[in-house]
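The values are calculated or read from the model by the stated rules, or taken from the named source; none is laboratory data. These numbers come from a predicted model, not from an experiment. Heads up, the Cβs are rebuilt from the backbone with ideal geometry, glycines too, and the neighbour counts pull from every protein chain shown.
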Amino acid sequence: MEHSETIGKITEALAKAQGVIEGAKLDSANPFYKSKYSDLTSVWAACRKPLSENGLAIFQTCCSDSPDTVVVETMISHISGEWVKGKVTMKPLKNDPQSIGSCITYGRRYSLAAIVGIAPEDDDGNVASGRDDKQIKPLHPPPKKDDTLAQNKATLKMLMVNAGIVLPERQKDFYNFVVGDKGDSFLPEFIAKFGQALEVYLGGENNE
């Protein structure tokens with residue numbers, strides 16, 4: 001995090017804004033985890049007026065440090081000239097406009113919520129730490145160690161369908177590309193990573 005030489009006035013203004021900011025609405029659905037989340041529009045709706053009324057503005061820009069990453073930088077500034085900023089670096093699931101756009105939206109949403117101090121109406125902190133009895137379960141969880149090869153293949157096939165790989169020949173090519181010389185023992189590790197990446201991609205895509 002970086003900030004101006006002094007931050008007294010911006011801290012006072014943000015404290016007043018945070019006193020009236022409410023939780024962001026959980027108005028978007030994540031199809032992979034069957035869960036609700038606050039999209040970028042909802043996060044903005046929760047804070048736009050309180051920030052404006054207290055002389056605070058948000059700047060968000062994006063750039064790239066390398067060919068396969070995107071960087072989202074978020075700054076909150078005060079009419080006094082004081083400011084605080086931070087940035088997050090992410091790697092899109094694919095190197096195409098849609099994936100990059102989804103990744104940027106995802107980064108903007110979390111960066112805005114973090115710098116302003118917004119939480120969704122139903123904070124999933126307990127879920128993340130395993131203290132929620134209604135813990136969200138993924139539609140296609142990573143396989144257990146004792147899963148059979150057939151179960152692994154079935155799980156991978158469902159993930160491929162979610163990713164838009166539906167033709168049998170395309171699924172076969174994808175499977176051969178994934179396994180390659182690694183052997184079928186590599187499948188559980190790949191399925192776990194593929195599932196997480198797909199969840200991020202689908203979540204970001206719904207924000208557009």
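Structure above, values below:
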| item | result |
| --- | --- |
| Candidates Ile104, Ile76 - the one that is touching a residue at least 24 places away in the same chain (Cβ under 8 Å), farther than 28 Å from Gly8 by Cα and not in a loop (DSSP other than H, G, I, E, B) | Ile104 |
| Number of the condition not met by Met1 [criteria: (1) of a type in the set (A, V, I, L, M, F, W, C); (2) at pLDDT 90 or above; (3) out of contact with any helix residue (DSSP H, G or I) (no Cβ under 7 Å at 6 or more places or on another chain); (4) surrounded by fewer than 19 Cβ atoms within 10 Å (Cβ to Cβ)] | (2) |
| Matching residues, the range 80-101, being over 18 Å from Thr61 (Cα atoms) and among the hydroxyl-bearing types (Ser, Thr, Tyr) | Ser80 |
| Scan of the range 159-185 for residues that are exposed (fewer than 10 other Cβ atoms within 10 Å of the Cβ) and not in a loop (DSSP other than H, G, I, E, B), ordered by number | Pro168, Glu169, Asn176, Phe177 |
| Hits in the range 145-160 - residues which are of a type in the set (Val, Ile, Thr) and modelled with pLDDT under 75 | Thr148 |
